[in-house]
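Let me begin by presenting the structure, written as structure tokens, before commenting on it.
The values are calculated or read from the model by the stated rules, or taken from the named source; none is laboratory data. Computed from a predicted model, the values in this text were never measured in an experiment. FYI the Cβ positions are ideal-geometry reconstructions off the backbone, even for glycines, and counts take in every protein chain you see. For accessibility, only protein heavy atoms count, side chains too; no ligands or nucleic acids. Shrake-Rupley method; radii C 1.70, N 1.55, O 1.52, S 1.80 Å.
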Amino acid sequence: MEKVLMKGNEIIGEAAIRSGCKLFFGYPITPSTEVVEYLSKHLPPKGGTVLQAEDEIGAINMCYGAACTGSRVLTASSSPGVSLKQEGISYSAAVELPMVIVNVNRCGPGLGGLGPAQSDYFQSVKGGGHGDYRLIVLAPSTAQELYDFTMQGFDLADQYRNPVLILTDGFLGQTMEPVVLKERPEPPKVDRSWVVDGAKGREKRILASYSLTNEIGEDNNLRWEKKYKNIQEKEQQWEEFHTEDAEYLLVSYGTTGRICKSTVLNARKKGIKLGLIRPITLWPYPEKAFIPYKDKVKGIVTVELNTGQMIEDVKLAVECKMPVHLYRRQGGMLPNEHEILDYVEDIFSLTAVEEV
Amino acid sequence: MEKIFARSKGLTDVAFSFCPGCTHGTIMRLIAEVLEELEIIEDTIGISPVGCAGFCQNFFSCDFIGAPHGRAQAVGIGVKRALPDRTVFTYQGDGDIAAIGTQHAIHAAARGEKITSIMVNNAIYGMTGGQMAPTTIEGMKTSTSPYGRDNILDGAPMDFPKVIANLEGAVYVASVSVDSPKNIKKAKEAIKKAFKVQQAGLGFALVSVLSTCPTNWGMTPVDSLNWLRENMMPIYEMGELKVTEEVEAL
Amino acid sequence: MAKVDVISKYCKSCGLCIDICPKKILDTGNETNEKGYFTIICTDQEKCIGCALCATVCPDVAIEVYK
């Protein structure tokens, strides 16, 4: 397995190729454009197709059509583009189509800026489009995770017949880091009896989401709900860092989840028992991670690149049993590890204990 | 005696859901017969719109995918790019293709996407109860042009096939009608040619079919055919608007 | 000799076939199908010339023609 130095967005492209993805439909938008650029160069020689659509609405609906045939398909965009895709994503969830969607989050709302942000958290996990649906959302924080989570995304999409969203950000997308280009894991055995590829020697099939009667509508919703509950039960993923004896916890994902590790290490040097829970799946939210700490930890700080979104899910996960505060930067700014620790010490009035 | 006219194998036995006299059904029969005659029912994937015609996914015997309103072209392209050797056709109303779906249809044509597109022009939004469409005729009363379409305020009706015909990738564009047996026969020929264009992989093919909407036009089925002849045919250029040499040679 | 057969389950009594029939042998019947339409009947099968214009214009593919 080679280890190479690659830019974040390009790593997503390479991982998709090695996952057997043959189709990419997209539209340029900073800071995600390298995905379509990389694939435009490297997918066709592998017999794949890259189509730059007329806009993101066209792109997501092309993904919808391709996914109906059971083909692995990818699209990538950034915040405003992902907003345009919401209707298509809702339809894809309703028809239960496997596909991988990448959002390289940039700051918003509106045109916003090109800097990194986590301002699309709600859009990603609470359903940005219409109707009762959920996307499996993975939040990478390193180059290697960009690679691994893209591959994992395709398998989860097939396994649960559901769109998967890779929520990354402008910082990760533009940063070059070494990455190990692992071989593709054995794809899950999945039922293919639903694909639409021409009714040759079989009954005709229809893939659509119109429910003629309310009874059918209710049945559909109950069926989706059962699937989502199953995913919530089995697919919660997170990383813990110095949590065994933690008195205070940081909760943070993606780029900030990585910065928080330095904060934890600095805190430990000062004798402050700080730990980190880093959610990896943002949906299903890793509530299980908080169970051991609900009655042990004195306080939590969530560190986000928005004005407070994931904090709501943390409060729910700990049932508001202890104070949960927010440290955040937004508009494209990134916090450094020191200002986070200063905030933790201040908010929980931890006078500096002697240097350990 | 021999049965000389029967329901095509391209149709299921599900009764059409359209209003009495609505010629959506006629157009679907023609497409079904073409699929049967070209022996491509099993290789064809149809893309249904949102609107009255949305139910066509139950009437054809080939595989079908329901597209969001306006997005049938993009969905069809996704299927065709995934399965280039299958036949893909889109079926859309005038609002679906020439209002909300405009950009997808124009770029499908510009790229010469190898799919067959059927546009049904009845100058109104049917399913939602008779609103003004881009194709609504001047002076025509609809629920959103209650005083009649005013070309100054609402713009003149759009001849969408003409727009598409200007694009390089559109190799066959025809505007036909199903208002009479003679025109129904011509419509079928155009539809068949549009599918043959796809089979030969020559580029984008569009057939626009003038159709009636007795319920929302507020007329009997027979009167609506006459109204179509007197009011729509003069506005929309009929016939084959574009036929490249390769298509001619088919 | 020719014959038309109106499949009542499909007929919506829209009248297009009545209007087009050159022999004027199609008319609205007095029995309704399960949807409540008074389905079309052929009033004089002998006069039918099997031209199939009725079937051609029928938007519901409700007419079969024999010849």
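Data table
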read-out	value
Filter result (open to solvent by 10 Å² or more (accessible area, probe 1.4 Å) and outside any loop (DSSP other than H, G, I, E, B)) within the stretch B:55-65	B:PHE55, B:GLN57, B:ASN58
Qualifying residues in the stretch C:44-67 (those that are among the small types (Gly, Ala, Ser) and within 7 Å of chain B (Cβ to nearest Cβ)) - the one surrounded by the fewest Cβ atoms within 10 Å (Cβ to Cβ)	C:GLY50
Single match in B:ASP13, B:ASP96 (criterion: more than 8 Å from chain A (Cβ to nearest Cβ), in a loop (DSSP other than H, G, I, E, B) and at pLDDT 95 or above)	B:ASP13
Test result for B:LYS162, within 14 Å of another protein chain (Cβ to nearest Cβ) and open to solvent by 60 Å² or more (accessible area, probe 1.4 Å)	no
Selected residue (criterion: farthest from B:PHE18 (Cα to Cα)) from residues of the stretch C:12-61 that are out of contact with any strand residue (DSSP E or B) (no Cβ under 6 Å at 6 or more places or on another chain) and of a type in the set (A, V, I, L, M)	C:ILE49
Leading residue by the ranking (most open to solvent (accessible area, probe 1.4 Å)) among those in the stretch C:12-40 that are at the interface with chain B (Cβ under 9 Å from one of its Cβ atoms) and assigned to a loop (DSSP other than H, G, I, E, B)	C:LYS35
Every residue from the stretch A:108-146 that is open to solvent by less than 20 Å² (accessible area, probe 1.4 Å) and assigned to a helix (DSSP H, G or I)	A:TYR121, A:SER124, A:VAL125, A:ALA143, A:LEU146
Selection within the stretch C:19-33 - within 19 Å of B:PHE16 (Cβ to Cβ) and of a type in the set (A, V, I, L, M)	C:ILE20
Output for the stretch B:212-232, where each listed residue is over 17 Å from B:GLY25 (Cβ atoms), assigned to a helix (DSSP H, G or I) and away from chain C (no Cβ under 13 Å)	B:TRP227, B:ARG229, B:GLU230, B:ASN231, B:MET232
Filter result (in contact with a strand residue (DSSP E or B) (Cβ under 6 Å, 6 or more places away or on another chain) and of a type in the set (Asp, Glu)) within the stretch A:48-93	A:GLU56
Single condition C:VAL6 does not satisfy, out of (1) within 7 Å of chain B (Cβ to nearest Cβ); (2) crowded, with 16+ Cβ neighbours inside 10 Å; (3) in contact (Cβ under 8 Å) with a residue 40 or more places away in the chain	(1)
Residue that is assigned to a helix (DSSP H, G or I), open to solvent by less than 30 Å² (accessible area, probe 1.4 Å), in contact (Cβ under 8 Å) with a residue 40 or more places away in the chain and in the same structural domain as A:VAL190 (by TED's automatic domain parsing), where the choices are A:CYS63, A:CYS21	A:CYS63
Where a residue in the stretch A:124-137 is of a type in the set (D, E, K, R) and its partner, wherever it lies, is at pLDDT 95 or above and open to solvent by less than 60 Å² (accessible area, probe 1.4 Å), with Cβ under 7 Å and at least six apart	A:ASP132/A:TRP224; A:ARG134/A:TYR228; A:ARG134/A:TRP283
Residue identified as in contact (Cβ under 8 Å) with a residue 60 or more places away in the chain and of a type outside the set (Val, Ile, Thr) among B:ARG111, B:ARG86, B:ARG81	B:ARG111
Scope the stretch A:44-58; condition hydrophobic (A, V, I, L, M, F, W, C) and either touching a Leu at 6+ places or on another chain (Cβ under 8 Å) or part of a strand (DSSP E or B) (or both); matching residues	A:VAL50, A:LEU51, A:ILE57
Filtered residues of the stretch A:66-94 (kept if open to solvent by 10 Å² or more (accessible area, probe 1.4 Å) and either not in a helix (DSSP H, G or I) or not assigned by TED's automatic domain parsing to the domain that holds A:ILE29 (or both))	A:THR69, A:GLY70, A:SER71, A:ARG72
Candidates B:LEU228, B:LEU250, B:LEU210, filtered to the one that is modelled with pLDDT under 95 and either within 27 Å of B:SER17 (Cβ to Cβ) or over 20 Å from the mean Cα position of the chain (by Cα) (or both)	B:LEU250
Residue in the stretch A:149-156 that is in contact (Cβ under 8 Å) with a residue 24 or more places away in the chain, charged (D, E, K, R) and assigned to a helix (DSSP H, G or I) present	yes
Some residue of the stretch A:31-51 being within 14 Å of chain B (Cβ to nearest Cβ), of a type in the set (Asp, Glu) and open to solvent by 10 Å² or more (accessible area, probe 1.4 Å)	no
Leading residue by the ranking (surrounded by the fewest Cβ atoms within 10 Å (Cβ to Cβ)) among those in the stretch A:157-177 that are out of contact with any helix residue (DSSP H, G or I) (no Cβ under 7 Å at 6 or more places or on another chain) and of a type outside the set (A, V, I, L, M)	A:ARG161
Test: A:ILE347 is in contact (Cβ under 8 Å) with a residue 12 or more places away in the chain and either of a type in the set (Ser, Thr, Tyr) or open to solvent by 10 Å² or more (accessible area, probe 1.4 Å) (or both)	yes
Among the residues listed as B:PRO146, B:PRO68, B:PRO84, B:PRO157, the single one being within 14 Å of another protein chain (Cβ to nearest Cβ) and either open to solvent by 10 Å² or more (accessible area, probe 1.4 Å) or among the acidic types (Asp, Glu) (or both)	B:PRO84
Selected residue (criterion: nearest to the other protein chains (Cβ to nearest Cβ)) from residues of the stretch B:165-209 that are without any contact (Cβ under 8 Å) to a residue 12 or more places away in the chain and either open to solvent by less than 50 Å² (accessible area, probe 1.4 Å) or in a helix (DSSP H, G or I) (or both)	B:PRO181
Flag if B:ARG86 is of a type in the set (Lys, Arg) and over 21 Å from B:LEU11 (Cβ atoms)	no
Residue identified as closer than 26 Å to A:PRO116 by Cα and over 20 Å from the mean Cα position of the chain (by Cα) among A:GLU14, A:GLU37, A:GLU56	A:GLU37
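Yes/no per residue for (1) without any contact (Cβ under 8 Å) to a residue 40 or more places away in the chain; (2) open to solvent by less than 20 Å² (accessible area, probe 1.4 Å); (3) more than 25 Å from A:PRO140 (Cα to Cα):
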| site | (1), (2), (3) |
| --- | --- |
| A:LYS273 | yes, no, yes |
| A:ARG278 | no, yes, no |
| A:LEU282 | no, yes, no |
| A:TYR285 | no, yes, no |
| A:LYS315 | yes, no, no |
| A:MET322 | yes, yes, yes |
| A:HIS325 | yes, no, no |
